[in-house]
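Take a look at the structure below.
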Amino acid sequence: METKIIDDLQVCADCLQQGMALAIPTETVYGLAANALDEKAVAQIYAIKNRPTHHPLILHFHAQEAFLSFVTNFNDELQLLGEKFWPGPMTLLLDKTQKVPNSITGNSTKVAVRIPSHPLMLQLLTMLPFPLAAPSANPYGKISPTTSRHVLDQLGGKIPYILEGGPCQEGIESTILGSENDKIVIYRLGSLGIDEIATTLGYIPEIKNEKTSTHLTSGMVKYHYAPNTPLFFLEKDSPIDHQSLYIFLFEIPLTHKDCNCTIMSKHRSMKEVAQNLYNTLHLADESACSRIFIEKPEPLGIGLAILDRLQRATAKF
Ligand code: TXA
Ligand code: MG
């Protein structure tokens, strides 16, 4: 199958109506979307990504009215988060109603819902009478795509279309939140920073993205988001050589000035680091380097989410 990068929303809508899976842009990462209510369409997502079928999918809607019949126990605090952060890079894990097929929740009683803010994705959702199930558009375990080119490189030949939406503004996946014992908890760190959430709630929510949680999310899998080239955190005693690529946050230190180096933000902005992280890792994989060493971010604000992704990506090596 030839994969075309297109900007025609109607072609995408028709294709989705016919039960096909295709790639769409969101503000976080590109997604592999299909009709969430069509089991055959959803099965294609799992097959194309090579994803284990017990890993549940996020449902994307254009507005809250559109998902209310799919969820229950949408309590005041969860609603407050919805009002404050949607459309945007946040996913809420809510109790599902019978309208949600078990095939997309991995038989869990919870369903993950999100209202993305990318204008093309929002417009596409308003053209469809069903929600879109959409995991990140990468093969299972690999680096998520933040440009149409990344999708083409990873899923080319397996899908008919990629909707061109430009580079993703946020660059890492949505933050996944839910409610346990009347308190908000974080199941996956992501683009929406913990500080912003804490300001809205008036307390710092517990982070439950470790093995202890009963709700499995692939963000909890130890090895994930990994490049093909071995990736390590840059430590004081890391080797300095000409075969490796060194990735720094803001500037290249004198110690490495003769090496193969790159930085992720010219403006000393962690938000920019998040935006560029996956692209930098994709480029590193394409370069002929034998190893990648990356500077560790401070575990503050969005740095926490970046660190989380890098810990999972380096754990494989
Ligand atoms: O930013 C994002 O969230 C992107 C864009 C495309 O929207 N999507 C994304 O999807 O990251 P995915 O499938 O790569 O990650 C979704 C996460 C997984 O870790 C999955 O296990 C979790 O959400 N999840 C979905 N439904 C769930 C459920 N019912 N219970 C527990 N975890 C769930
Ligand atoms: Mg993913």
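The values are calculated or read from the model by the stated rules, or taken from the named source; none is laboratory data. If you're wondering where the values come from, they're calculated on a predicted model, not measured in any experiment. Don't worry about glycine lacking a Cβ; one is built from the backbone with ideal geometry, like all the others, and counts go over all protein chains shown. For the accessible areas, the whole protein counts, side chains as well, though only heavy atoms, and no ligand, DNA or RNA atoms are used. Shrake-Rupley method; radii C 1.70, N 1.55, O 1.52, S 1.80 Å.
For the reader, a short list of remarks on this structure follows.
- Solvent-accessible area of the chain (1.4 angstrom probe, protein heavy atoms only): carbon and sulfur portion equals 51 percent.
- Residues residue 233 and residue 126, FRET efficiency given R0 of 41 Å [Cβ-Cβ distance, rounded to 0.05]: 0.40
- The radius of gyration of the Cα set in the range 1-140, together with its Dmax, comes out at 14.2, 47 angstrom.
- The equivalent ellipsoid that matches the C-alpha gyration tensor of the range 93-201 spans semi-axes of 26, 19, 15 angstrom, in descending order.
- Surface per residue (accessible, 1.4 Å probe) for the chain, Å²: 44 Å²
- Full extension of the chain segment joining residue 2 with residue 242 gains 82.6 nm, where the gain is 0.36 nm per residue of separation less the Cα-Cα distance.
- Applying a DSSP loop filter and a limit of 16 other Cβ atoms within 10 Å to the GluC sites (Glu not before Pro) in the range 1-52 leaves 2.
- Take every pair of alpha-carbon atoms less than 8 Å apart whose residues are at least six positions apart; their mean separation over the length of the range 65-104 yields a relative contact order of 61 percent.
- The translational diffusion coefficient of the chain, from Stokes-Einstein at 25 °C and 0.890 mPa s with a Kirkwood hydrodynamic radius over alpha carbon pairs, comes to 123 µm²/s.
- Tensor-based shape of the range 223-277 (alpha-carbon gyration tensor, a/c under 1.5 rounded, otherwise prolate or oblate): oblate
- Residue-level accessible surface for residue 105, protein heavy atoms, 1.4 Å, Å²: 10 Å²
- Under a model in which nothing but the beta-carbon of Lys, Arg (+1) and Asp, Glu (-1) is charged, the chain shows a dipole of about 680 debye around its Cα centre.
- Taking label positions 7 Å along the Cα-Cβ direction at both residue 317 and residue 109, the computed distance is 4.3 nm, reported to one decimal.
- Within-11-Å neighbourhood charge of residue 146 [Cβ basis; K, R +1; D, E -1]: -2
- Highest-MSF residue in the chain out of 236, 110, 49 [GNM, Cα springs under 10 Å]: 236
- Accessible area ranking (1.4 Å probe, heavy atoms, ligands and nucleic acids excluded), largest first, for 1, 127: 1, 127.
- Inter-label distance for residue 9 and residue 79, nm, one decimal - labels placed 7 Å from Cα along Cα-to-Cβ: 2.9 nm
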